[in-house]
Amino acid sequence: MAGCECSSDEEGSGASGAGASSGTESGSPQGSTGAFTTSNGTGQGTGTGGGTCGSNLTGTIRDFQASHPDFEDFLGIDPGIVLPDLGPDNKPVYAGQAGNDTTTGQANFDQWFRDVSGVNQSAPFTLTLTPSGGGVFTFDDSDFFPVDDQLFGNEGNPHNYHFTYELHTTFLYSGGETFSFTGDDDLFTFVNRKLAIDLGGVHGAMSDTIDLDARAAELGITPGNVYQLDFFFAERHTTESNFRVDTTLVFIDCGEPPQ
Ligand SMILES: [Ca+2]
Ligand SMILES: [Ca+2]
Ligand SMILES: [Ca+2]
């Protein structure tokens with residue numbers, strides 16, 4: 001699933017946008033599955049996906065314009081944009097421009113996941129995970145354009161590109177869970193405040209999976225405890241926007257728009 005570093009971000013054509021973007025802002029927390037079960041050791045099988053949240057996780061979209069220096073101008077896989085530890089304000093910490101050729105410096109990067117008047121506009125967005133078998137809960141949208149004709153609007157494109165998505169939640173680590181992401185462009189996922197997925201850069205759809213047991217020591221997690229999961233996505237380049245989450249995690253916090 002190596003991302004494409006070729007002449008265009010993704011192979012798709014802009015004309016393929018006819019499919020209605022399904023994952024719209026149906027924020028109503030329906031379908032709650034009630035209290036989560038905590039049968040230790042068998043994280044799979046019992047997975048209610050959403051725990052007390054049902055399967056709805058609410059985060060924040062920030063819309064940018066194509067003219068932002070970090071958006072649309074670059075192509076390339078670019079890991080290492082953020083430091084391995086989440087910042088004290090629960091934001092990713094920029095690692096510096098050296099070696100991170102798809103970025104243009106601290107000030108611009110710090111705008112990705114913070115409200116900045118005149119630079120971005122924000123709105124809540126709820127991911128609704130649905131059961132896909134085997135205890136896995138999935139959100140899959142290969143046409144992930146949640147703010148078409150909203151906020152800064154489409155800027156003459158078939159969709160409103162150039163936005164970020166930030167989500168903060170917690171989960172109960174029972175043992176055996178996984179969290180997978182497939183998409184473009186950048187994706188940084190922190191577990192227990194440690195960087196666990198780094199798909200930085202402007203690229204076609206790429207995938208990574210966190211096997212929590214295999215990385216428990218590195219992430220400092222022990223079954224039976226609740227940990228943060230902090231998720232940061234950026235759609236930085238036309239013409240595609242892919243976004244897929246598959247997980248057996250039992251979330252116990254529904255997320256909320258950050259201040
Ligand atoms: Ca880099
Ligand atoms: Ca935009
Ligand atoms: Ca893209």
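Here PHE109 meets the list (1) surrounded by 14 or more Cβ atoms within 10 Å (Cβ to Cβ); (2) within 16 Å of ligand 2 (Cβ to nearest atom); (3) free of Cβ contacts under 8 Å to residues at least 40 places away in the same chain almost entirely, failing just condition (2). Filtered by the rule that a residue be among the hydrophobic types (A, V, I, L, M, F, W, C), closer than 11 Å to LEU167 by Cβ and more than 16 Å from ligand 2 (Cβ to nearest atom), the stretch 222-245 gives LEU229, PHE231, PHE232, VAL245.
Yes/no matrix, rows are residues, columns are (1) within 16 Å of ligand 1 (Cβ to nearest atom); (2) buried (at least 20 other Cβ atoms within 10 Å of the Cβ); (3) outside any strand (DSSP E or B):
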site	(1), (2), (3)
ASP208	yes, no, no
GLU218	no, no, yes
VAL226	no, no, no
PHE231	no, yes, no
THR239	no, no, yes
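Taken together, the residues in the stretch 112-161 that are away from ligand 1 (no atom under 16 Å from the Cβ), assigned to a loop (DSSP other than H, G, I, E, B) and touching a residue at least 60 places away in the same chain (Cβ under 8 Å) amount to 19. Please state which one of TYR173, TYR161, TYR165 is over 13 Å from the mean Cα position of the chain (by Cα), within 23 Å of LYS91 (Cα to Cα), within 16 Å of ligand 2 (Cβ to nearest atom) and not small (Gly, Ala, Ser). Residue meeting the stated conditions: TYR161. Within the stretch 125-154, the set of residues being closer than 27 Å to SER67 by Cα and loosely packed, with under 14 Cβ neighbours inside 10 Å comprises ASP149 only.
Among the conditions (1) away from ligand 1 (no atom under 16 Å from the Cβ); (2) modelled with pLDDT of 95 or more, the only one that THR103 does not satisfy is (1). Does VAL93 meet the test of being touching a residue at least 40 places away in the same chain (Cβ under 8 Å), within 16 Å of ligand 1 (Cβ to nearest atom), in contact with a Gly (Cβ under 8 Å, 6 or more places away or on another chain) and over 19 Å from GLU256 (Cβ atoms)? The answer is no for VAL93. There is no residue in the stretch 240-256 that is among the hydrophobic types (A, V, I, L, M, F, W, C) and over 20 Å from GLY59 (Cβ atoms). Could we say that ALA98 is surrounded by fewer than 19 Cβ atoms within 10 Å (Cβ to Cβ) and over 24 Å from ALA196 (Cβ atoms) here? Here the answer is no, as ALA98 does not meet what is asked. Could you say whether any residue in the stretch 183-197 is away from ligand 3 (no atom under 16 Å from the Cβ) and out of contact with any Leu (no Cβ under 8 Å at 6 or more places or on another chain)? Within the stretch 183-197, not a single residue is away from ligand 3 (no atom under 16 Å from the Cβ) and out of contact with any Leu (no Cβ under 8 Å at 6 or more places or on another chain). Residues in the stretch 176-192 that are assigned to a loop (DSSP other than H, G, I, E, B) and either surrounded by 18 or more Cβ atoms within 10 Å (Cβ to Cβ) or within 11 Å of ligand 2 (Cβ to nearest atom) (or both): GLU177, ASP184, ASP185, ASN192. Quick check on ASP149: is it over 16 Å from THR238 (Cα atoms), away from ligand 3 (no atom under 16 Å from the Cβ), modelled with pLDDT of 95 or more and not hydrophobic (A, V, I, L, M, F, W, C)? Taking the combined requirement at face value, the residue does not satisfy it.
The values are calculated or read from the model by the stated rules, or taken from the named source; none is laboratory data. Model, not experiment: these values are computed from the prediction. Backbone-built Cβ (ideal geometry, glycine too); neighbour counts: all protein chains shown.
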